[in-house]
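Colleague: One structure coming up, written as C-alpha coordinates, with questions to follow.
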Amino acid sequence: MTPEARPTTPYRPLDITIPFPELAAHARTATLLHPRRGTPTAADSSVGGPLLWPADEAWPVCGTAHGRVYGVRPERARRYERMVEAAYARPRPADAEGLPYTEAELAELAEMSDAGYQPDRHDGSPLPLLAVAQFYARDIPDLAPFAPPGTDLLQVLWCPFTGHDDAPDGDYGPSTRLVWRQAAEVTERLRDQPEPPIVERKHFLPNPCVLSPERVVDYPFGDYLPKELDERIQAWEDAFTERAGDAAPLYQYDLSLAPGWKIGGWDSWHRTDLVRVFCGECATEMRLLLTIDSGGGAPSWLPYDEAARTWDGTTPPSLYGPTGISASRDEYRAFTCPTNPTHPHRMSSQ
Ligand SMILES: [Zn+2]
Ligand SMILES: [Zn+2]
(Lines give C-alpha, C1' and ligand atoms only; values in the text may rest on other atoms or scores of the structure.)
(Ligands and ions follow the chains in the order given, each with its own letter.)
Protein backbone atom coordinates (compact mmCIF):
# COMPACT_ATOMS: atom_id res chain seq x y z
CA MET A 1 0.00 0.00 0.00
CA THR A 2 1.51 3.32 -1.07
CA PRO A 3 1.61 6.05 1.59
CA GLU A 4 -0.87 8.20 -0.33
CA ALA A 5 -3.30 5.27 -0.55
CA ARG A 6 -3.24 4.70 3.22
CA PRO A 7 -6.74 5.00 4.59
CA THR A 8 -7.32 8.10 6.71
CA THR A 9 -10.47 9.92 7.74
CA PRO A 10 -11.39 13.54 6.97
CA TYR A 11 -11.06 16.28 9.59
CA ARG A 12 -14.21 16.78 11.56
CA PRO A 13 -16.64 19.33 10.06
CA LEU A 14 -15.91 21.46 13.13
CA ASP A 15 -13.90 21.12 16.33
CA ILE A 16 -16.44 20.59 19.10
CA THR A 17 -14.00 21.92 21.72
CA ILE A 18 -14.36 25.43 20.22
CA PRO A 19 -18.02 25.85 21.24
CA PHE A 20 -17.46 23.56 24.28
CA PRO A 21 -13.88 23.91 25.60
CA GLU A 22 -14.81 21.87 28.69
CA LEU A 23 -15.06 18.76 26.46
CA ALA A 24 -11.27 18.73 26.14
CA ALA A 25 -11.09 17.30 29.66
CA HIS A 26 -13.12 14.28 28.46
CA ALA A 27 -11.12 13.61 25.28
CA ARG A 28 -9.56 10.18 24.70
CA THR A 29 -7.34 9.19 21.84
CA ALA A 30 -8.30 6.14 19.79
CA THR A 31 -6.47 4.31 17.03
CA LEU A 32 -8.66 3.54 14.03
CA LEU A 33 -7.43 0.30 12.45
CA HIS A 34 -8.79 0.61 8.89
CA PRO A 35 -8.60 -3.13 8.00
CA ARG A 36 -8.21 -3.71 4.26
CA ARG A 37 -7.97 -7.02 2.37
CA GLY A 38 -4.37 -8.23 2.15
CA THR A 39 -1.97 -11.02 3.00
CA PRO A 40 -0.70 -10.34 6.53
CA THR A 41 1.95 -12.57 8.13
CA ALA A 42 2.36 -13.46 11.81
CA ALA A 43 4.82 -10.56 12.06
CA ASP A 44 2.06 -8.08 11.16
CA SER A 45 -0.84 -6.55 13.04
CA SER A 46 -3.90 -7.93 11.27
CA VAL A 47 -7.49 -9.00 11.27
CA GLY A 48 -7.86 -12.57 10.03
CA GLY A 49 -4.13 -13.16 9.63
CA PRO A 50 -1.91 -15.81 11.24
CA LEU A 51 -1.08 -15.28 14.92
CA LEU A 52 2.41 -15.22 16.38
CA TRP A 53 1.74 -18.26 18.58
CA PRO A 54 4.44 -20.29 20.33
CA ALA A 55 4.91 -23.77 18.84
CA ASP A 56 4.99 -25.30 22.33
CA GLU A 57 1.82 -23.62 23.66
CA ALA A 58 -1.52 -25.43 23.38
CA TRP A 59 -4.01 -23.79 21.07
CA PRO A 60 -7.12 -22.81 23.07
CA VAL A 61 -10.35 -24.75 22.59
CA CYS A 62 -13.98 -24.20 23.62
CA GLY A 63 -15.40 -27.14 25.51
CA THR A 64 -18.90 -25.69 25.92
CA ALA A 65 -21.70 -27.91 24.66
CA HIS A 66 -23.24 -25.47 22.21
CA GLY A 67 -27.01 -25.39 22.02
CA ARG A 68 -26.79 -24.79 18.29
CA VAL A 69 -25.79 -27.85 16.32
CA TYR A 70 -25.64 -26.41 12.82
CA GLY A 71 -23.18 -24.07 11.18
CA VAL A 72 -21.07 -23.76 8.08
CA ARG A 73 -17.63 -25.18 7.36
CA PRO A 74 -15.05 -22.41 6.83
CA GLU A 75 -13.89 -23.94 3.54
CA ARG A 76 -17.46 -23.94 2.23
CA ALA A 77 -17.93 -20.26 3.21
CA ARG A 78 -14.61 -19.33 1.58
CA ARG A 79 -15.37 -21.35 -1.55
CA TYR A 80 -18.62 -19.40 -1.91
CA GLU A 81 -16.81 -16.06 -1.53
CA ARG A 82 -14.20 -17.08 -4.13
CA MET A 83 -16.87 -18.06 -6.66
CA VAL A 84 -18.67 -14.74 -6.21
CA GLU A 85 -15.40 -12.81 -6.52
CA ALA A 86 -14.38 -14.71 -9.66
CA ALA A 87 -17.76 -14.09 -11.29
CA TYR A 88 -17.61 -10.36 -10.51
CA ALA A 89 -14.14 -10.14 -12.06
CA ARG A 90 -15.27 -11.61 -15.42
CA PRO A 91 -16.25 -9.25 -18.24
CA ARG A 92 -19.99 -9.02 -18.81
CA PRO A 93 -22.35 -6.78 -20.80
CA ALA A 94 -23.49 -3.65 -18.95
CA ASP A 95 -27.10 -4.80 -19.21
CA ALA A 96 -26.35 -8.38 -18.10
CA GLU A 97 -28.78 -9.84 -15.63
CA GLY A 98 -26.99 -11.72 -12.90
CA LEU A 99 -23.34 -12.70 -12.79
CA PRO A 100 -21.46 -14.73 -15.43
CA TYR A 101 -21.05 -17.97 -13.48
CA THR A 102 -19.87 -21.08 -15.26
CA GLU A 103 -22.20 -24.07 -15.49
CA ALA A 104 -20.13 -25.91 -12.89
CA GLU A 105 -20.31 -22.94 -10.51
CA LEU A 106 -24.07 -22.65 -10.97
CA ALA A 107 -24.46 -26.31 -10.05
CA GLU A 108 -22.25 -25.86 -7.00
CA LEU A 109 -24.10 -22.71 -5.91
CA ALA A 110 -27.44 -24.49 -6.31
CA GLU A 111 -26.15 -27.30 -4.10
CA MET A 112 -24.98 -24.75 -1.53
CA SER A 113 -28.28 -22.86 -1.43
CA ASP A 114 -30.28 -26.11 -1.31
CA ALA A 115 -28.22 -27.03 1.73
CA GLY A 116 -29.31 -23.78 3.42
CA TYR A 117 -27.86 -21.09 5.61
CA GLN A 118 -26.30 -23.43 8.20
CA PRO A 119 -25.81 -26.54 6.09
CA ASP A 120 -23.25 -28.39 8.19
CA ARG A 121 -23.63 -30.27 11.43
CA HIS A 122 -21.56 -29.60 14.53
CA ASP A 123 -21.00 -32.84 16.40
CA GLY A 124 -20.46 -31.07 19.72
CA SER A 125 -16.79 -31.93 20.08
CA PRO A 126 -14.50 -29.24 21.54
CA LEU A 127 -13.75 -26.54 18.97
CA PRO A 128 -10.35 -24.94 18.43
CA LEU A 129 -10.89 -21.20 18.79
CA LEU A 130 -10.80 -19.08 15.66
CA ALA A 131 -7.99 -16.54 15.29
CA VAL A 132 -9.66 -13.15 14.81
CA ALA A 133 -6.94 -10.51 15.08
CA GLN A 134 -3.61 -9.55 16.57
CA PHE A 135 -2.25 -6.12 17.42
CA TYR A 136 1.37 -5.16 18.06
CA ALA A 137 1.86 -2.21 20.40
CA ARG A 138 4.53 -0.82 18.05
CA ASP A 139 1.84 -0.32 15.37
CA ILE A 140 -0.99 0.95 17.52
CA PRO A 141 -0.22 3.84 19.84
CA ASP A 142 -3.36 3.42 21.96
CA LEU A 143 -2.66 -0.23 22.80
CA ALA A 144 0.20 0.27 25.27
CA PRO A 145 -1.91 1.74 28.13
CA PHE A 146 -3.93 -1.52 28.19
CA ALA A 147 -1.01 -3.93 27.95
CA PRO A 148 -0.10 -5.84 31.14
CA PRO A 149 3.55 -5.18 32.15
CA GLY A 150 6.03 -7.02 29.94
CA THR A 151 3.61 -7.56 27.02
CA ASP A 152 3.41 -5.86 23.63
CA LEU A 153 1.10 -8.07 21.56
CA LEU A 154 -2.64 -8.61 21.91
CA GLN A 155 -4.24 -11.63 20.25
CA VAL A 156 -8.00 -11.98 19.90
CA LEU A 157 -9.67 -15.35 19.37
CA TRP A 158 -13.24 -16.49 19.61
CA CYS A 159 -15.42 -19.55 19.66
CA PRO A 160 -17.49 -19.12 16.51
CA PHE A 161 -20.75 -20.04 18.27
CA THR A 162 -23.14 -17.92 20.32
CA GLY A 163 -25.08 -19.01 23.37
CA HIS A 164 -22.28 -19.61 25.88
CA ASP A 165 -23.38 -19.94 29.47
CA ASP A 166 -20.34 -18.01 30.61
CA ALA A 167 -20.86 -15.10 28.19
CA PRO A 168 -20.47 -11.93 30.21
CA ASP A 169 -23.76 -9.99 30.09
CA GLY A 170 -25.39 -12.91 28.26
CA ASP A 171 -24.29 -11.34 25.06
CA TYR A 172 -25.27 -11.91 21.47
CA GLY A 173 -21.85 -12.55 19.99
CA PRO A 174 -19.20 -15.23 20.02
CA SER A 175 -17.25 -16.00 23.20
CA THR A 176 -13.96 -14.09 23.02
CA ARG A 177 -10.50 -14.86 24.40
CA LEU A 178 -7.86 -12.12 24.76
CA VAL A 179 -4.23 -13.24 24.97
CA TRP A 180 -1.44 -10.81 25.82
CA ARG A 181 2.16 -11.81 25.19
CA GLN A 182 5.63 -10.47 24.55
CA ALA A 183 6.43 -10.96 20.87
CA ALA A 184 10.17 -11.38 21.45
CA GLU A 185 9.52 -14.40 23.69
CA VAL A 186 8.08 -16.38 20.76
CA THR A 187 11.22 -17.98 19.40
CA GLU A 188 9.53 -20.76 17.47
CA ARG A 189 6.17 -20.00 15.93
CA LEU A 190 3.30 -22.45 15.48
CA ARG A 191 3.16 -23.03 11.71
CA ASP A 192 0.00 -25.09 11.31
CA GLN A 193 -2.54 -22.84 12.98
CA PRO A 194 -5.69 -24.75 14.07
CA GLU A 195 -9.11 -23.65 12.91
CA PRO A 196 -12.55 -24.77 14.02
CA PRO A 197 -14.08 -27.20 11.48
CA ILE A 198 -17.38 -25.31 11.70
CA VAL A 199 -18.60 -21.79 12.50
CA GLU A 200 -22.15 -20.85 13.44
CA ARG A 201 -22.29 -17.92 10.97
CA LYS A 202 -20.02 -17.09 8.10
CA HIS A 203 -19.88 -13.50 9.37
CA PHE A 204 -17.88 -14.80 12.37
CA LEU A 205 -15.09 -15.76 9.94
CA PRO A 206 -12.68 -12.89 9.17
CA ASN A 207 -11.17 -12.17 5.76
CA PRO A 208 -7.39 -11.63 6.00
CA CYS A 209 -6.79 -7.88 6.35
CA VAL A 210 -3.78 -5.65 6.91
CA LEU A 211 -4.19 -2.58 9.09
CA SER A 212 -3.46 1.12 8.57
CA PRO A 213 -3.64 2.61 12.05
CA GLU A 214 -4.73 6.25 12.31
CA ARG A 215 -4.91 8.15 15.57
CA VAL A 216 -8.02 10.24 16.24
CA VAL A 217 -9.66 11.92 19.22
CA ASP A 218 -12.95 10.65 20.66
CA TYR A 219 -15.33 12.54 22.93
CA PRO A 220 -17.80 10.69 25.17
CA PHE A 221 -21.26 9.45 24.36
CA GLY A 222 -23.64 12.14 25.70
CA ASP A 223 -24.83 10.15 28.73
CA TYR A 224 -21.26 9.95 30.07
CA LEU A 225 -21.06 13.76 30.27
CA PRO A 226 -22.28 15.93 33.13
CA LYS A 227 -26.00 16.37 32.53
CA GLU A 228 -25.89 20.15 32.14
CA LEU A 229 -23.10 19.91 29.54
CA ASP A 230 -24.96 17.22 27.59
CA GLU A 231 -28.08 19.42 27.64
CA ARG A 232 -26.18 22.47 26.39
CA ILE A 233 -24.68 20.41 23.55
CA GLN A 234 -28.14 19.17 22.61
CA ALA A 235 -29.54 22.72 22.61
CA TRP A 236 -26.59 23.92 20.48
CA GLU A 237 -27.16 21.04 18.06
CA ASP A 238 -30.92 21.76 17.84
CA ALA A 239 -30.25 25.43 17.06
CA PHE A 240 -27.63 24.48 14.44
CA THR A 241 -30.04 22.04 12.79
CA GLU A 242 -32.74 24.74 12.81
CA ARG A 243 -30.41 27.03 10.82
CA ALA A 244 -28.63 24.53 8.56
CA GLY A 245 -30.98 21.55 8.26
CA ASP A 246 -29.28 18.31 7.22
CA ALA A 247 -25.97 20.15 6.72
CA ALA A 248 -25.63 20.61 10.50
CA PRO A 249 -23.10 18.17 12.01
CA LEU A 250 -24.36 16.03 14.87
CA TYR A 251 -22.43 15.57 18.12
CA GLN A 252 -23.02 11.82 18.30
CA TYR A 253 -22.43 10.91 14.67
CA ASP A 254 -20.00 13.52 13.32
CA LEU A 255 -18.17 15.23 16.18
CA SER A 256 -17.50 12.78 19.01
CA LEU A 257 -17.18 9.02 18.37
CA ALA A 258 -15.14 7.59 15.49
CA PRO A 259 -16.87 4.60 13.86
CA GLY A 260 -14.97 1.53 12.68
CA TRP A 261 -12.60 -1.03 14.16
CA LYS A 262 -10.56 0.75 16.82
CA ILE A 263 -8.37 0.41 19.89
CA GLY A 264 -9.15 2.70 22.81
CA GLY A 265 -11.37 5.77 22.64
CA TRP A 266 -14.96 5.98 23.82
CA ASP A 267 -17.91 3.58 23.50
CA SER A 268 -21.21 4.45 21.86
CA TRP A 269 -24.54 3.40 23.35
CA HIS A 270 -26.69 4.47 20.41
CA ARG A 271 -28.87 1.32 20.50
CA THR A 272 -29.67 1.55 24.18
CA ASP A 273 -29.09 4.10 26.89
CA LEU A 274 -25.71 4.06 28.60
CA VAL A 275 -24.97 0.87 30.53
CA ARG A 276 -21.76 1.37 32.47
CA VAL A 277 -19.47 -1.67 32.39
CA PHE A 278 -17.88 -2.73 35.70
CA CYS A 279 -15.22 -5.31 36.45
CA GLY A 280 -16.67 -8.57 37.76
CA GLU A 281 -13.70 -9.01 40.14
CA CYS A 282 -13.10 -5.59 41.67
CA ALA A 283 -16.12 -3.49 40.54
CA THR A 284 -13.92 -0.80 38.95
CA GLU A 285 -15.49 0.83 35.89
CA MET A 286 -13.93 -0.86 32.86
CA ARG A 287 -12.45 0.86 29.86
CA LEU A 288 -13.05 0.29 26.16
CA LEU A 289 -10.13 -1.63 24.64
CA LEU A 290 -11.37 -2.91 21.27
CA THR A 291 -14.31 -2.10 19.01
CA ILE A 292 -15.19 -4.69 16.35
CA ASP A 293 -17.37 -2.85 13.88
CA SER A 294 -19.89 -4.35 11.45
CA GLY A 295 -19.70 -1.46 8.99
CA GLY A 296 -21.68 1.73 8.65
CA GLY A 297 -21.03 5.08 10.32
CA ALA A 298 -21.80 8.66 9.32
CA PRO A 299 -20.69 9.77 5.82
CA SER A 300 -18.46 12.48 7.34
CA TRP A 301 -16.18 9.69 8.67
CA LEU A 302 -15.83 7.81 5.37
CA PRO A 303 -12.08 7.20 4.87
CA TYR A 304 -10.62 8.91 1.80
CA ASP A 305 -9.65 5.65 0.10
CA GLU A 306 -13.23 4.34 0.34
CA ALA A 307 -14.71 7.67 -0.77
CA ALA A 308 -12.36 7.67 -3.79
CA ARG A 309 -13.16 4.12 -4.79
CA THR A 310 -15.61 4.27 -7.69
CA TRP A 311 -17.24 0.91 -7.90
CA ASP A 312 -16.54 -0.54 -11.35
CA GLY A 313 -18.51 -3.72 -10.89
CA THR A 314 -15.47 -6.00 -10.73
CA THR A 315 -15.51 -6.72 -7.00
CA PRO A 316 -18.52 -7.75 -4.95
CA PRO A 317 -19.98 -5.01 -2.77
CA SER A 318 -19.02 -5.84 0.83
CA LEU A 319 -21.80 -5.85 3.36
CA TYR A 320 -19.75 -5.64 6.54
CA GLY A 321 -16.62 -3.99 5.20
CA PRO A 322 -13.34 -5.66 4.27
CA THR A 323 -13.18 -7.96 7.32
CA GLY A 324 -16.55 -9.55 6.53
CA ILE A 325 -17.17 -9.62 10.29
CA SER A 326 -20.53 -8.96 11.88
CA ALA A 327 -20.20 -10.30 15.39
CA SER A 328 -23.35 -8.97 16.98
CA ARG A 329 -25.25 -5.80 16.09
CA ASP A 330 -23.34 -2.65 14.95
CA GLU A 331 -20.41 -2.99 17.32
CA TYR A 332 -18.98 -5.75 19.51
CA ARG A 333 -16.69 -4.26 22.16
CA ALA A 334 -14.13 -5.61 24.62
CA PHE A 335 -13.74 -3.76 27.95
CA THR A 336 -10.88 -4.37 30.35
CA CYS A 337 -10.15 -3.56 33.98
CA PRO A 338 -7.91 -0.50 34.41
CA THR A 339 -6.69 -1.47 37.87
CA ASN A 340 -5.77 -5.08 37.11
CA PRO A 341 -5.33 -6.23 33.51
CA THR A 342 -5.54 -9.89 34.57
CA HIS A 343 -9.19 -9.49 35.60
CA PRO A 344 -11.48 -11.04 32.95
CA HIS A 345 -12.58 -8.73 30.16
CA ARG A 346 -16.24 -8.18 29.32
CA MET A 347 -17.96 -7.90 25.98
CA SER A 348 -20.87 -5.66 25.12
CA SER A 349 -22.75 -5.06 21.90
CA GLN A 350 -24.52 -2.08 20.39
ZN1 LIG B 1 -17.95 -22.24 22.28
ZN1 LIG C 1 -10.88 -5.38 38.10
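Colleague: Take the stretch 14-33 and flag every residue that is crowded, with 16+ Cβ neighbours inside 10 Å, polar (S, T, N, Q) and more than 16 Å from Tyr253 (Cα to Cα).
Modeller: Result: Thr31, single match.
Colleague: Which of the residues spanning the stretch 317-350 are more than 12 Å from the chain's Cα centre (by Cα) and among the aromatic types (Phe, Trp, Tyr)?
Modeller: The one that is more than 12 Å from the chain's Cα centre (by Cα) and among the aromatic types (Phe, Trp, Tyr): Phe335.
Residue-by-condition table, conditions (1) on the phi < 0 side of the Ramachandran plot; (2) buried (at least 16 other Cβ atoms within 10 Å of the Cβ); (3) of a type outside the set (Asp, Glu):
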position: Trp261; (1), (2), (3): yes, yes, yes
position: Asp267; (1), (2), (3): yes, yes, no
position: Val275; (1), (2), (3): yes, no, yes
position: Ile292; (1), (2), (3): yes, yes, yes
position: Pro303; (1), (2), (3): yes, yes, yes
position: Leu319; (1), (2), (3): yes, no, yes
position: Ser348; (1), (2), (3): yes, yes, yes
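Colleague: Which numbered condition in (1) assigned by TED's automatic domain parsing to the domain that holds Leu129; (2) more than 21 Å from the chain's Cα centre (by Cα) is the only one that Thr41 fails?
Modeller: Against the list (1) assigned by TED's automatic domain parsing to the domain that holds Leu129; (2) more than 21 Å from the chain's Cα centre (by Cα), Thr41 comes up short only on (2).
Colleague: Can you go through Phe204, Phe161, Phe221 and tell me which one is buried (at least 21 other Cβ atoms within 10 Å of the Cβ) and either under 22 Å from Asp267 (Cα atoms) or of a type in the set (Ser, Thr, Tyr) (or both)?
Modeller: On the way: Phe161 fails: either under 22 Å from Asp267 (Cα atoms) or of a type in the set (Ser, Thr, Tyr) (or both); Phe221 fails: buried (at least 21 other Cβ atoms within 10 Å of the Cβ).
Result of the check over Phe204, Phe161, Phe221: Phe204.
Colleague: Applying the selection to the stretch 330-350, what residues are in a strand (DSSP E or B) and either out of contact with any Phe, Trp or Tyr (no Cβ under 9 Å at 6 or more places or on another chain) or within 14 Å of ligand 2 (Cβ to nearest atom) (or both)? Spell out how you get there, then give the answer.
Modeller: Of the residues in the stretch 330-350, the ones in a strand (DSSP E or B) are 331-336, 346-349.
Listed by number, the residues that qualify are Glu331, Arg333, Ala334, Phe335, Thr336, Arg346.
Colleague: What is the number of the single condition among (1) without any contact (Cβ under 8 Å) to a residue 40 or more places away in the chain; (2) more than 16 Å from ligand 2 (Cβ to nearest atom) that Arg276 does not meet?
Modeller: The failed condition is (2).
Colleague: How many residues are touching a Phe, Trp or Tyr at 6+ places or on another chain (Cβ under 9 Å), over 16 Å from Tyr136 (Cβ atoms) and part of a loop (DSSP other than H, G, I, E, B) when one looks only at the stretch 20-47?
Modeller: 2
Colleague: Also, I was wondering about something else. Give Leu153, Leu143 a once-over and let me know the one that is touching a residue at least 40 places away in the same chain (Cβ under 8 Å), closer than 23 Å to Arg215 by Cα, in contact with a helix residue (DSSP H, G or I) (Cβ under 6 Å, 6 or more places away or on another chain) and crowded, with 22+ Cβ neighbours inside 10 Å. Break it down stepwise before answering.
Modeller: Numbers: Leu143 fails: in contact with a helix residue (DSSP H, G or I) (Cβ under 6 Å, 6 or more places away or on another chain).
The match here is Leu153.
Colleague: So which of Ser328, Ser300 is more than 18 Å from Leu211 (Cα to Cα) and within 16 Å of ligand 1 (Cβ to nearest atom)?
Modeller: Being more than 18 Å from Leu211 (Cα to Cα) and within 16 Å of ligand 1 (Cβ to nearest atom) holds for just one of Ser328, Ser300, which is Ser328.
Colleague: Sticking with this structure for a sec: What are the residues in the stretch 142-176 that are out of contact with any His (no Cβ under 7 Å at 6 or more places or on another chain), outside any loop (DSSP other than H, G, I, E, B), under 24 Å from Asp120 (Cβ atoms) and modelled with pLDDT under 95, if any?
Modeller: Listed by number, the residues that qualify are Cys159, Thr176.
The values are calculated or read from the model by the stated rules, or taken from the named source; none is laboratory data. Predicted model, so just to flag it, every value in this text is computed and none were measured. Every residue, glycine as well, gets a Cβ built from its backbone with ideal geometry; the counts of neighbours run over all protein chains shown.
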